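Notes follow once the structure below has been shown.
Just so you know, all these numbers are worked out from the coordinates, no wet-lab data involved. Computed from a prediction, not measured in an experiment: that's the story for all the values here. With ideal geometry, Cβ positions are generated from the backbone for all residues, glycine too; neighbour counts draw on all protein chains shown.
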Amino acid sequence: MEISTVGDARQAGCKHGKDKSVMYQQPKRRERAPYSPEVFSKVKRRLAAGEMQHDIAADLGWNQGRVSEVNTGKRGTEPDQPGLF
């Protein structure tokens, strides 16, 4: 799609830059892994293997705090535990 006007840019999902004359397109959000018992067990295995929490979080598209919660047992301890959000 060729973007030639502000209307075209808005239709393509672009937003104004800081100076309002420059349009930019926001990057797509990365897919994140679901908060499921299977993923929790993978996280636990990776932690046991000595991987860093922030590396695991980056691979899954999670916040490092969620990996820390799995590590400390606050999340992912029960298979029927509801999702975080």
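In a reduced charge model with +1 at each Lys and Arg Cβ and -1 at each Asp and Glu Cβ, region 31-85 shows a dipole moment near 100 debye about its Cα centre. In sequence order, region 57-73 has phi-based couplings of 4, 5, 5, 8, x, 9, 7, 4, x, 5, 5, 4, 5, 5, 5, 8, x Hz under the Karplus curve 6.51 cos²θ - 1.76 cosθ + 1.60, θ = phi - 60°, and Gly or Pro positions carry x. Calculated FRET efficiency, residue 77 to residue 28, Cβ-Cβ distance, R0 = 25 Å: about 0.15 to the nearest 0.05. Within the shell defined by Cβ-Cβ distances under 14 Å, the residues around residue 43 carry a net charge of +3, with Lys and Arg each +1 and Asp and Glu each -1. An oblate overall shape is assigned to region 31-85, the ratio a/c of its alpha-carbon gyration tensor axes (a ≥ b ≥ c) being 1.5 or greater and a/b not exceeding b/c.
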